[in-house]
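The structure under discussion appears below in the form of structure tokens.
What follows is calculated from the coordinates using simple rules that are stated; it is not laboratory data. Here the structure is a predicted model, which means the values were calculated and not measured. Backbone-built Cβ (ideal geometry, glycine too); neighbour counts: all protein chains shown.
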Amino acid sequence: MYSKKVMDHFANPRNVGEIESPDGVGSVGNPADGDLVTIYIKIEKNVIKDIRFKVKGCPAAIASASMTTELAKGKTLEEGLKITREDVARELDGLPEKKNECSNLGAAALHAAIKNYLNKQK
């Protein structure tokens, strides 16, 4: 059902946890219904220098959040905003069709964290 990459990111998620005093935080999902992803970012000179996540959800949600952090780390804010759920699913070698919504959570939480940071800068 899941690719080897999905199972690897599920069993060994990267960048798990919170950042103390993050520059931006974004949460997406519905904890009452199932999956919830929160992403924390630290920004230096317009670059995502550190990124962490917490997740409540299925293996696909955990793997997607983990992969999102891997894709975003070291990228500019503009590059981070261009990361899509399709990018995440492709990097995980695909997800079962019924789990495609889970791949959206990581990218959406990343976008929300970046927007949170940008709003604080105004």
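Counted as qualifying within the range 24-122 are the helices (runs of 4 or more DSSP H) with 3 or more residues that are without any contact (Cβ under 8 Å) to a residue 24 or more places away in the chain and either closer than 18 Å to PRO13 by Cα or of a type in the set (Val, Ile, Thr) (or both), namely 85-91. Among residues of the range 14-23 being without any contact (Cβ under 8 Å) to a residue 60 or more places away in the chain and of a type in the set (D, E, K, R), the one that is surrounded by the most Cβ atoms within 10 Å (Cβ to Cβ) is ARG14. When we screen ASP50, ASP93 for residues that are among the acidic types (Asp, Glu), in contact with a helix residue (DSSP H, G or I) (Cβ under 7 Å, 6 or more places away or on another chain) and surrounded by fewer than 19 Cβ atoms within 10 Å (Cβ to Cβ), the only hit is ASP93.
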